[in-house]
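The structure under discussion appears below in the form of structure tokens.
The values are calculated or read from the model by the stated rules, or taken from the named source; none is laboratory data. Bear in mind that the values here come from a model prediction, so they are computed numbers and not experimental data. FYI the Cβ positions are ideal-geometry reconstructions off the backbone, even for glycines, and counts take in every protein chain you see. Quick note on the areas: whole protein, heavy atoms, side chains included, nothing else; ligands and nucleic acids left out. Shrake-Rupley method; radii C 1.70, N 1.55, O 1.52, S 1.80 Å.
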Amino acid sequence: MNQKRLFLRPCTWVYVTLMFLTFITWFVGVNNLSGRFFAFMVLGFALLKGQLIGDYFMGLKQVAGLWRWVIFIWLALVGTLISVAFWQTL
Amino acid sequence: MTGMEKNRWPPGDLVIWIFIMAELLVFGVFFAAYAFTRTNHVELFNTYQLTLDRNAALINTVALITSSYFVVRAVAAIRVDDSRRCFHWLLAALAMGLLFLVVKGAEYHHHFSQGINLNTNTFYMFYLSLTFFHFLHVILGMIILLAVALKARSGGYSAAEHTGVETGASYWHMVDLVWMVLFPLVYVMR
Amino acid sequence: MKYQSQKVAKLYFIAAIGLFVGQILFGLIIGAQYIWGDFLFPEIPFNVARMVHTNLLIVWLLFGFMGAAYYLVPEEAETDLVMPWLATLMFWIFLAAGAATILGYLLVPYSSLAELTQNDLLPTMGREFLEQPTITKLGIVVVALAFLANIGLTILKGRKTVINLVLLMGLAGLAVFFLFSFFNPVNIVWDKYYWWWVVHLWVEGVWELILGSILAFILIKTTGVDREVIEKWLYVIIAMTLITGIVGTGHHYYWIGTPEFWQWWGSIFSAMEPIPFFMMTVFAFNMVNKRRRNHPNKAAVLWALGTAVMAFLGAGVWGFLHTLAPVNYYTHGTQITAAHGHMAFYGAYVMINLAIISYAMPLLRGREAANSNKSQVLEMWGFWLMTISIIFITLFLTAAGILQVYLQRFSDSPMPFMVVQEKIELFYVLRELTGLVFLAGLIVYIASSFVGSNEPEATAEGEVVAS
């Protein structure tokens, strides 16, 4: 492990980011903030969180080829479908 | 975790990844079904979404993320041949999983005591089905983690051979990942 | 063959094939009745012939499963069956009860059969696939219990492998769910609700475990791939089967008086039921590609691969075709269902039985590993004739079904059932002709057991370098 470490392990930085995004999502929730801006913001956070989990927790960042993108593809598909559905109603 | 050489295969057994993909597909279909059904019942969904406990959902999200983080540390520990540490991180992860089950159980208790069930309305049908399906996955993931933890304690893994730890970890992260989408979709987006 | 007691499987396999022939003959009779409505009337009315066709199917598949279990359990457990005599005794009891029941269907009117067998004491007759007189059902339970005790104790005594445990789980589930055939509520919703616990949870639940374990056994034996690798696959396949299959029961609960959420549960989970079948296909081909050696019994490998593909097509794809609630709203109970039923039963359960028979029979008859080349070539002809026939039967029935759905239910001016039946008659003729080809395939398949017995065994060509 002769890589340089920025004060914390990468996975710890990811953890802090995930928590931060979670709190914003919760804040939007408890205040019943609605509409396209907030809905798509929390959806975007969710997809970002998913990608971070895939890349750093599941370790896909270290993988080459198609497997590198399985989580990304799933998030993109699910994100698109949810967006299409919500866009019509917000 | 040097990040210099890229691997051809994801960590853990490839078979678990095929299983993960299958599971993600089921959840994906479920999420899309929720979103599109909502378009026909916007008011109903918005009304009953307010009866959900966002604070409980926050605790649960934090529990799952923290648990996932602990599992990452467990994998890191076994990669430097530290079985004891690996075991302790896995125990911590399991404790977080248990916290999730308790909080979610309390939520269910609250809803059921109000006489809410699958037939109450379409929103509750989705809410209960989706979260309960996920709930079962948390239990399955915990069983897998427990098996891995016990084997780690008895020294069954090493820096050279720890596919089992990575396999269990990958599955557990999937359970976490799914909740990352479920939380905003069902509890927050309106 | 390593253990003397495995030999009992031979009886079961022979009976299975015998009943299979009967099933196909009655299939041809009902196929003809779709074209000439009064064919063989009043001797063999359509409802009776259909009952015989489906009951023979189930019974011969059960014979096959039992034979497979008696063959592979001792080999996996590395010990002889604890009670080989019981296996032989149960064989004759099961065969006699099965034959008596079929003769009962054919010789007396169904209502008289019900009276004759004291159905009033514990009414269980009259439900599709579960038409057997109560006394026969009780007999099935006795046979099943004796069978489970026999293989269960053998497994307990010997080595416990994943294959054996999955097989035992499947067979125990088969017996447990059959008990719901005795539960016959007056309320027709409850009636149907629990009826599916037998029918659906058999073919889309526990039978898949049996299928998976037999397939895994054949692949271990013919490819030489590590047991560990094969067991891992078996684990995820059965996990996915149970996740999707159990809740997938909901695809039978649309609009029959059950709560509405079943439309969602049934649609979503049963739409995922092709996944374990797809995994099985990937699994089988993967293992054969990774093989450590070429097995001389090429016919058995062909059947195993065929099962994986045809089960996915028949059960997976053709099932998905009409499983979503909005689609099923139109297709329910049409020829689409028949198309799915034919390919799924053949692809999954007929083929896995023929696969294990193909693998085990030469060994049971004293060969070292495989039949002679001549016999295998003929057997593979049988494979292709039957498989291609079933594909065409499925396609013709699908075409008939699409037309039926459109003309009878979907168009702006729907036509009555019988008018539509006349319009789709062409497909019934084609189906019947293809059915004759299937019978020819079956004859070729059986003939393959009798040719080349005096010739030397086939040998594996070419050595495969372990990868």
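Looking at A:Val14, is it surrounded by 15 or more Cβ atoms within 10 Å (Cβ to Cβ) and within 15 Å of B:Tyr69 (Cα to Cα)?
Working: surrounded by 15 or more Cβ atoms within 10 Å (Cβ to Cβ): yes; within 15 Å of B:Tyr69 (Cα to Cα): yes.
It is true that A:Val14 is surrounded by 15 or more Cβ atoms within 10 Å (Cβ to Cβ) and within 15 Å of B:Tyr69 (Cα to Cα).
Of the candidates B:Leu150, B:Leu128, B:Leu145, the single residue that is surrounded by 19 or more Cβ atoms within 10 Å (Cβ to Cβ) and either farther than 30 Å from A:Ile24 by Cβ or free of Cβ contacts under 8 Å to residues at least 40 places away in the same chain (or both) is B:Leu128. Flag not set for C:Ala97, criterion: within 28 Å of C:Leu165 (Cα to Cα), among the aliphatic types (A, V, I, L, M) and in a helix (DSSP H, G or I). Number of residues in region C:59-102 that are open to solvent by 30 Å² or more (accessible area, probe 1.4 Å) and among the aromatic types (Phe, Trp, Tyr) equals 2.
Output the residues belonging to region C:90-111 that are farther than 22 Å from C:Phe26 by Cα and free of Cβ contacts under 8 Å to residues at least 40 places away in the same chain.
Applying the first criterion (farther than 22 Å from C:Phe26 by Cα) to region C:90-111 yields C:90-93.
Answer for region C:90-111, where residues must be farther than 22 Å from C:Phe26 by Cα and free of Cβ contacts under 8 Å to residues at least 40 places away in the same chain: just C:Trp92.
Annotation note: of B:Ala74, B:Ala56, the sole residue that is within 11 Å of chain A (Cβ to nearest Cβ) and either within 30 Å of C:Glu231 (Cβ to Cβ) or in a helix (DSSP H, G or I) (or both) is B:Ala56. Taking region B:165-190 as the range and being more than 7 Å from chain A (Cβ to nearest Cβ) and within 9 Å of the chain's Cα centre (by Cα) as the test, the residues that pass are B:Tyr171, B:Trp172, B:Met174, B:Val175, B:Val178, B:Trp179.
It is to be established whether one or more residues within region C:200-220 are part of a helix (DSSP H, G or I) and open to solvent by 50 Å² or more (accessible area, probe 1.4 Å). So far as region C:200-220 goes, no, none of its residues is part of a helix (DSSP H, G or I) and open to solvent by 50 Å² or more (accessible area, probe 1.4 Å).
Just to be sure, is C:Ile210 under 22 Å from the mean Cα position of the chain (by Cα), among the β-branched types (Val, Ile, Thr) and under 30 Å from C:Glu461 (Cα atoms)? Reasoning before the result, please.
Values: under 22 Å from the mean Cα position of the chain (by Cα): yes; among the β-branched types (Val, Ile, Thr): yes; under 30 Å from C:Glu461 (Cα atoms): no.
In short, no.
In this entry, B:Ala63 passes the filter for residues that are modelled with pLDDT of 95 or more and within 24 Å of B:Met180 (Cα to Cα). Against the test of being out of contact with any Phe, Trp or Tyr (no Cβ under 6 Å at 6 or more places or on another chain) and modelled with pLDDT of 95 or more, the options C:Leu11, C:Leu89, C:Leu72, C:Leu19 yield a single qualifying residue, C:Leu89. Just checking, does region B:79-96 include any residue being over 23 Å from A:Gly29 (Cα atoms), open to solvent by 10 Å² or more (accessible area, probe 1.4 Å), touching an Asp or Glu at 6+ places or on another chain (Cβ under 8 Å) and more than 14 Å from chain A (Cβ to nearest Cβ)? Within region B:79-96 (the criterion being over 23 Å from A:Gly29 (Cα atoms), open to solvent by 10 Å² or more (accessible area, probe 1.4 Å), touching an Asp or Glu at 6+ places or on another chain (Cβ under 8 Å) and more than 14 Å from chain A (Cβ to nearest Cβ)), the answer is no, since none of the residues qualifies. Against the conditions (1) assigned to a helix (DSSP H, G or I); (2) open to solvent by 10 Å² or more (accessible area, probe 1.4 Å); (3) in contact with a Gly (Cβ under 7 Å, 6 or more places away or on another chain), C:Asn294 satisfies every one except (1).
Among the residues of region B:85-95, those identified as touching a residue at least 40 places away in the same chain (Cβ under 8 Å) and more than 14 Å from B:His173 (Cβ to Cβ) are B:Cys86, B:Phe87, B:Leu91, B:Leu94. Taken together, the criteria place A:Val63 among residues that are hydrophobic (A, V, I, L, M, F, W, C), closer than 25 Å to B:Ala159 by Cα and facing chain B (nearest Cβ under 7 Å). For region C:266-274, does any single residue satisfy the condition of being assigned to a helix (DSSP H, G or I), small (Gly, Ala, Ser), touching a residue at least 40 places away in the same chain (Cβ under 8 Å) and open to solvent by 10 Å² or more (accessible area, probe 1.4 Å)? Yes; the residues of region C:266-274 include at least one that is assigned to a helix (DSSP H, G or I), small (Gly, Ala, Ser), touching a residue at least 40 places away in the same chain (Cβ under 8 Å) and open to solvent by 10 Å² or more (accessible area, probe 1.4 Å).
Here's the yes/no breakdown for (1) open to solvent by less than 40 Å² (accessible area, probe 1.4 Å); (2) of a type outside the set (A, V, I, L, M):
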| position | (1), (2) |
| --- | --- |
| C:Gly401 | yes, yes |
| C:Gln404 | yes, yes |
| C:Leu407 | yes, no |
| C:Phe410 | no, yes |
| C:Pro414 | no, yes |
| C:Met418 | no, no |
| C:Lys423 | no, yes |
| C:Tyr428 | yes, yes |
| C:Leu436 | no, no |
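Reported count of residues in region C:40-52, each being open to solvent by 30 Å² or more (accessible area, probe 1.4 Å) and part of a helix (DSSP H, G or I), is 3. Determine whether B:Phe31 is surrounded by 18 or more Cβ atoms within 10 Å (Cβ to Cβ) and either touching a Phe, Trp or Tyr at 6+ places or on another chain (Cβ under 8 Å) or of a type in the set (A, V, I, L, M) (or both). Against the criterion (surrounded by 18 or more Cβ atoms within 10 Å (Cβ to Cβ) and either touching a Phe, Trp or Tyr at 6+ places or on another chain (Cβ under 8 Å) or of a type in the set (A, V, I, L, M) (or both)), B:Phe31 does not qualify. Select from region B:1-10 the residues that are loosely packed, with under 14 Cβ neighbours inside 10 Å and facing chain A (nearest Cβ under 7 Å) and write down the one among them that is farthest from A:Thr80 (Cα to Cα). It comes out as B:Thr2. Candidates are the residues of region B:11-44 that are β-branched (Val, Ile, Thr) and within 10 Å of chain A (Cβ to nearest Cβ); the one that is nearest to C:Trp233 (Cα to Cα) is B:Ile20.
When region B:143-190 is filtered for residues that are under 21 Å from B:Trp9 (Cβ atoms), in a loop (DSSP other than H, G, I, E, B) and among the polar types (S, T, N, Q), only B:Ser158 remains.
Could you look through region B:97-135, keep only residues that are among the aliphatic types (A, V, I, L, M) and within 14 Å of another protein chain (Cβ to nearest Cβ), and pick out the one that is nearest to the chain's Cα centre (by Cα)?
Narrowing region B:97-135 to residues among the aliphatic types (A, V, I, L, M): B:98-99, B:101-103, B:106, B:116, B:118, B:125, B:128, B:130.
Pick out the ones that are also within 14 Å of another protein chain (Cβ to nearest Cβ) and you get B:103, B:116, B:118, B:125, B:128, B:130.
Numbers: B:Val103: 14, B:Ile116: 24, B:Leu118: 22, B:Met125: 20, B:Leu128: 16, B:Leu130: 12 Å.
Across region B:97-135, the extreme among qualifying residues is B:Leu130.
Restricting A:Phe7, A:Phe72 to those that are surrounded by fewer than 21 Cβ atoms within 10 Å (Cβ to Cβ), at pLDDT 95 or above and either touching a Phe, Trp or Tyr at 6+ places or on another chain (Cβ under 7 Å) or more than 8 Å from chain B (Cβ to nearest Cβ) (or both) reduces the list to A:Phe72. Per the listing B:Val71, B:Val62, B:Val75, B:Val103, the residue uniquely under 19 Å from A:Leu43 (Cα atoms), of a type in the set (A, V, I, L, M, F, W, C) and crowded, with 17+ Cβ neighbours inside 10 Å is B:Val62.
Every listed requirement among (1) of a type in the set (A, V, I, L, M); (2) within 20 Å of the chain's Cα centre (by Cα); (3) not in a loop (DSSP other than H, G, I, E, B) is met by C:Ala114 save one, (2).
Filtering region C:385-400 for residues that are among the hydrophobic types (A, V, I, L, M, F, W, C), more than 26 Å from C:Thr337 (Cβ to Cβ) and under 22 Å from the mean Cα position of the chain (by Cα) leaves an empty set.
Quick grid of which residues meet (1) in contact with a Ser or Thr (Cβ under 7 Å, 6 or more places away or on another chain); (2) at pLDDT below 95; (3) farther than 30 Å from C:Val282 by Cα:
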site: B:Trp9; (1), (2), (3): no, yes, no
site: B:Phe19; (1), (2), (3): no, yes, no
site: B:Gly28; (1), (2), (3): no, no, no
site: B:Phe31; (1), (2), (3): no, no, no
site: B:Phe36; (1), (2), (3): no, no, yes
site: B:Asp53; (1), (2), (3): no, no, yes
